[in-house]
Amino acid sequence: METRVVSSGQGVDRPVYILQEEAPQSELLLHAHIAAMHQLADRGFMVSDKATLKFAIAFAERDASIAVLSKSGDKVQAIAPAKQKKPLQNCADREMRLTLTLTRIADGAEIYRGSASEYHCKAQAVDVVPQLVKAAIADLAKPKGAYTIKRQGLE
């Protein structure tokens, strides 16, 4: 199992206050939001109306055989390349991607963006979300760019 991680921004190397917002309406996104808030709380972050940072989280799932491309001028870049089916694989892969951001409220500057994604054939999103949250938030203090984590897990 591979978790693909991309992190960027200046990072946050000390606990700060984050803005309390309404809970997400989607049950799955609420699950991800709660997991992320617990991870932030474990690092000393606190929720306050007088926060300096705004927290946002997003989750997407797509058929992994479909590529997501970006075009800028004449340059086309794969944001999420299509995955080829493995030999003897008996079900279609889905890509599950979780992205979280911390934005400075004063000027809207994105201080941290962490994204984690995995391909799954049998696993359910609710079971994958905790690992994706952990991977997306791991570089909070010092973003490392793009890399892959290998781990055991249900395809």
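Please indicate, with yes or no, whether at least one residue in region 87-107 is outside any strand (DSSP E or B), modelled with pLDDT under 90, under 19 Å from the mean Cα position of the chain (by Cα) and of a type in the set (Gly, Ala, Ser). Checked against the condition, which is being outside any strand (DSSP E or B), modelled with pLDDT under 90, under 19 Å from the mean Cα position of the chain (by Cα) and of a type in the set (Gly, Ala, Ser), region 87-107 yields no hits at all. Does any residue of region 46-69 turn out to be open to solvent by 50 Å² or more (accessible area, probe 1.4 Å), among the hydroxyl-bearing types (Ser, Thr, Tyr), at pLDDT below 90 and not in a helix (DSSP H, G or I)? Within region 46-69 (the criterion being open to solvent by 50 Å² or more (accessible area, probe 1.4 Å), among the hydroxyl-bearing types (Ser, Thr, Tyr), at pLDDT below 90 and not in a helix (DSSP H, G or I)), the answer is yes, since at least one residue qualifies. Looking across region 22-42 at every residue that is part of a loop (DSSP other than H, G, I, E, B) and either in contact (Cβ under 8 Å) with a residue 40 or more places away in the chain or open to solvent by 70 Å² or more (accessible area, probe 1.4 Å) (or both), the one that is nearest to Arg104 (Cα to Cα) is identified as Glu22. Scanning region 108-155 for residues that are assigned to a helix (DSSP H, G or I) and in contact (Cβ under 8 Å) with a residue 40 or more places away in the chain turns up Ala125, Val126, Val129, Pro130, Gln131, Leu132, Val133, Lys134, Ala135, Ala136, Ile137.
Listed by first and then second residue, the pairs linking a residue in region 48-71 that is under 17 Å from Ser117 (Cα atoms) to a residue that is surrounded by 14 or more Cβ atoms within 10 Å (Cβ to Cβ) and among the aromatic types (Phe, Trp, Tyr), with Cβ atoms under 7 Å apart and 6 or more places separating them unless they lie on different chains, are Ala64/Tyr119. Filtering Gly114, Gly9 for residues that are open to solvent by 40 Å² or more (accessible area, probe 1.4 Å) and at pLDDT 95 or above leaves a single hit, Gly9. Inspection of region 121-133 identifies no residue that is more than 14 Å from the chain's Cα centre (by Cα), open to solvent by 60 Å² or more (accessible area, probe 1.4 Å) and within 24 Å of Asp13 (Cβ to Cβ).
The values are calculated or read from the model by the stated rules, or taken from the named source; none is laboratory data. Just so it is clear, the structure is predicted and the values come from calculations on it, not from any experiment. Virtual Cβ from ideal backbone geometry, glycine too; neighbours counted across all protein chains shown. With ligands, DNA and RNA removed, areas are computed over all heavy atoms of the protein, side chains included. Shrake-Rupley method; radii C 1.70, N 1.55, O 1.52, S 1.80 Å.
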